[in-house]
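Student: Here you go, one structure.
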Amino acid sequence: MIKVITYGTFDLFHEGHYRLLQRAKALGDYLIVGVTTEAYDKARGKLNVVDSLVTRIENVKKTGFADEIIIEESYGQKVNDIRKFHADIFAIGSDWAGSFDYLRDYCRVVYLERTKNISSTMLREKNSPIQRVGIIGTGRVAGRFIQEAKLVSGISPQGVYNPHTDSAFLFAQRWGVNAYEDIEDFYKMIDIVYIASPHETHYGYIKSSLEHGKHVLCEKPMVLKRAQAEEMFQYAKEQKLILFEGIKTAYCPGFNQLLGVACSGIIGSIRNVEACFTKLEHKDARELNDQAYGGSFTELGSYVMLPVLKLMGQTFADLRFDVIPGGNGLDLFTKVSITCPAGIGTATCGLGVKSEGRLLIAGTKGYIVAEAPWWKTSYFEVHFENAEKIEKYSEVFLGDGMRYEISDFLSVISGNNQNEFKLTSQESIALAGIMERFLEEQNRTEKSRGGGRDIYADKTTGTSISFDHYTGI
Ligand code: CTP
């Protein structure tokens, strides 16, 4: 009996897939089809798969060509499968010509001619037209967004807006997009907006983007007042638009795996979450000198509060901020301590004090630890009372990680995915509430010392908001 083996994602099952399976089967007597998992596709940079694994398997099954269907979940699996199943022929489409010649050491390799003018990518683009994205803000993070967006299909960076037109034109030249002097012209040319302007301008830009009918992905912290977050999510819902807060950790596969393991019961009931992220900034950096909205917590607080909110919930019996202020009163280092019905949590961040960046989740049966940069989770361990028993988990983390949030944002827009659970509007609203409380407390403390943040200067409304030299992390 001649055994043939082939692999594929088989997303949005189409004629090309059908013909490939038909010809692969005809090469022998028994056909084994390996269907990739979502995690494996993500790991190899295929971020936009629409159909679930179950649907893709069902579609392969329906053709009647597959005698056996297996799951492909990692690199290197093909060699082992060929040995395990004693496959005589490895068959794959001609778009892969040459890529699998190394398998000739184990079996015959056949490249079958690819069916012309059809692919999952084409169907995805037909079903969900390319989204032209406009970027508000010209700092480092905006440049990284463009680099990462290029790796996600279905999105095309179109233009940039910054009221400081010089910055906008420089950015546009560097990244090959258009700069707009008039925000109305900017809105006319785009479908979705990515906001990476200074924190205090987010509210105004989200509002105006939604009013112009655009879906919005906004950098963290999305807004600095709870009521503003509530208003924006409600408005987006009414307008049937998607509003996402861009905390990239929330969308990265490793962090989601970690949350899944933490909630699986393996460490028992979760009683303590400690998250720390510090990043030393130069003393002249904007983050340490913006008297109104600078400081460690507004900059990094979203990252460290994320696992606490995810694992301990949003109902706190007590929430306390301990702050080490710099000479200008802004926080160089902040520790948030929370008490909630399930246990306690601490979220620590610093731009002027260095500490060990770590995420620790303690439960009644064990603990999980992820070292820095845990906010780009690629590895974590589960420990138990028996110190010799350690479970290790790793997950691919590609590039800067923004591609995951961009890809989730797009799939929610196209209605293909319900990934909003990764960072819910309720969690974003809770985060805005915590930011608001922090700024109020800081302001009170500093006022009593004769200082105080300039948070009442209204920079949060209107659309023509001035900013420059903004970098963002
Ligand atoms: N295939 C084919 N003809 C096509 C498309 C795919 O013969 N027009 C073959 C591929 O070469 C592969 C198998 O079908 O052997 C599964 O391909 P897959 O990557 O799942 O499909 P694509 O349509 O190529 O997907 P994408 O556009 O996401 O790359």
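Student: Which of (1) farther than 30 Å from LEU31 by Cβ; (2) within 16 Å of the ligand (Cβ to nearest atom); (3) touching a strand residue (DSSP E or B) at 6+ places or on another chain (Cβ under 6 Å) is the odd one out, the single condition VAL152 does not satisfy?
Tutor: Unmet for VAL152, out of (1) farther than 30 Å from LEU31 by Cβ; (2) within 16 Å of the ligand (Cβ to nearest atom); (3) touching a strand residue (DSSP E or B) at 6+ places or on another chain (Cβ under 6 Å): (3).
Student: So, one more: Among the residues of segment 108-142, write down those that are charged (D, E, K, R), within 16 Å of the ligand (Cβ to nearest atom) and out of contact with any strand residue (DSSP E or B) (no Cβ under 7 Å at 6 or more places or on another chain).
Tutor: GLU113, LYS116, ARG124, GLU125, LYS126
Student: Among the residues that make up segment 156-168, is at least one of them open to solvent by less than 10 Å² (accessible area, probe 1.4 Å), more than 23 Å from PHE233 (Cα to Cα), of a type in the set (A, V, I, L, M) and assigned to a helix (DSSP H, G or I)?
Tutor: Within segment 156-168 (the criterion being open to solvent by less than 10 Å² (accessible area, probe 1.4 Å), more than 23 Å from PHE233 (Cα to Cα), of a type in the set (A, V, I, L, M) and assigned to a helix (DSSP H, G or I)), the answer is yes, since at least one residue qualifies.
Student: Turning to a different aspect of this structure: Within segment 169-189, count every residue that is more than 11 Å from THR138 (Cα to Cα) and either open to solvent by 60 Å² or more (accessible area, probe 1.4 Å) or touching a Cys at 6+ places or on another chain (Cβ under 6 Å) (or both).
Tutor: Total satisfying the criteria: 9.
Student: Filter segment 108-135 down to residues that are under 16 Å from TRP96 (Cα atoms) and either under 30 Å from the mean Cα position of the chain (by Cα) or open to solvent by less than 60 Å² (accessible area, probe 1.4 Å) (or both), then give me how many there are.
Tutor: Within segment 108-135, residues that are under 16 Å from TRP96 (Cα atoms) and either under 30 Å from the mean Cα position of the chain (by Cα) or open to solvent by less than 60 Å² (accessible area, probe 1.4 Å) (or both) number 9.
Student: Output yes when any residue across segment 174-189 is closer than 21 Å to MET232 by Cα and assigned to a loop (DSSP other than H, G, I, E, B), and no when none is.
Tutor: no
Student: Going through GLY294, GLY301, GLY213 one at a time, which residue ends up being modelled with pLDDT under 95 and either farther than 21 Å from GLU395 by Cβ or not aliphatic (A, V, I, L, M) (or both)?
Tutor: Exactly one of GLY294, GLY301, GLY213 is modelled with pLDDT under 95 and either farther than 21 Å from GLU395 by Cβ or not aliphatic (A, V, I, L, M) (or both), namely GLY294.
Student: Restrict the check to segment 421-439 and report whether at least one residue is crowded, with 18+ Cβ neighbours inside 10 Å and modelled with pLDDT under 90.
Tutor: Looking through segment 421-439, none of the residues is crowded, with 18+ Cβ neighbours inside 10 Å and modelled with pLDDT under 90.
Student: Quick one: would you say LEU224 is in contact with a Lys or Arg (Cβ under 7 Å, 6 or more places away or on another chain) and either at pLDDT below 95 or open to solvent by 10 Å² or more (accessible area, probe 1.4 Å) (or both)?
Tutor: no
Student: Restricting to segment 260-284, give me the number of residues that are crowded, with 16+ Cβ neighbours inside 10 Å and either in contact with a Lys or Arg (Cβ under 6 Å, 6 or more places away or on another chain) or assigned to a loop (DSSP other than H, G, I, E, B) (or both).
Tutor: Number of matching residues: 5.
Student: Select the helices (runs of 4 or more DSSP H) contained entirely in segment 14-107, then report the ones holding at least 2 residues which are without any contact (Cβ under 8 Å) to a residue 60 or more places away in the chain, open to solvent by less than 50 Å² (accessible area, probe 1.4 Å) and away from the ligand (no atom under 13 Å from the Cβ).
Tutor: 77-85
Student: If you don't mind, there's one more thing I want to ask. For segment 339-391, give me the residue count where each residue is open to solvent by less than 70 Å² (accessible area, probe 1.4 Å), part of a strand (DSSP E or B) and within 26 Å of GLU287 (Cα to Cα).
Tutor: Count: 7.
Student: Something else: How many residues does segment 211-221 hold that are surrounded by 20 or more Cβ atoms within 10 Å (Cβ to Cβ) and free of Cβ contacts under 8 Å to residues at least 60 places away in the same chain?
Tutor: Residues meeting the conditions: 2.
Student: Look at GLU184 and say whether it is free of Cβ contacts under 8 Å to residues at least 60 places away in the same chain, within 16 Å of the ligand (Cβ to nearest atom) and either over 30 Å from LEU27 (Cβ atoms) or in contact with a Pro (Cβ under 8 Å, 6 or more places away or on another chain) (or both).
Tutor: no
Student: Something else now. Looking only at residues in segment 392-414 that are in contact with an Asp or Glu (Cβ under 7 Å, 6 or more places away or on another chain) and open to solvent by 10 Å² or more (accessible area, probe 1.4 Å), which one is farthest from ALA43 (Cα to Cα)?
Tutor: This residue is VAL412.
The values are calculated or read from the model by the stated rules, or taken from the named source; none is laboratory data. These numbers were taken from a predicted model, which means no experiment stands behind them. Neighbour counts are summed over all protein chains in view; Cβ atoms, including those assigned to glycine, are modelled from backbone coordinates with ideal geometry. Just so you know, the surface numbers come from the protein's heavy atoms only, side chains and all, with ligands and any DNA or RNA stripped out. Shrake-Rupley method; radii C 1.70, N 1.55, O 1.52, S 1.80 Å.
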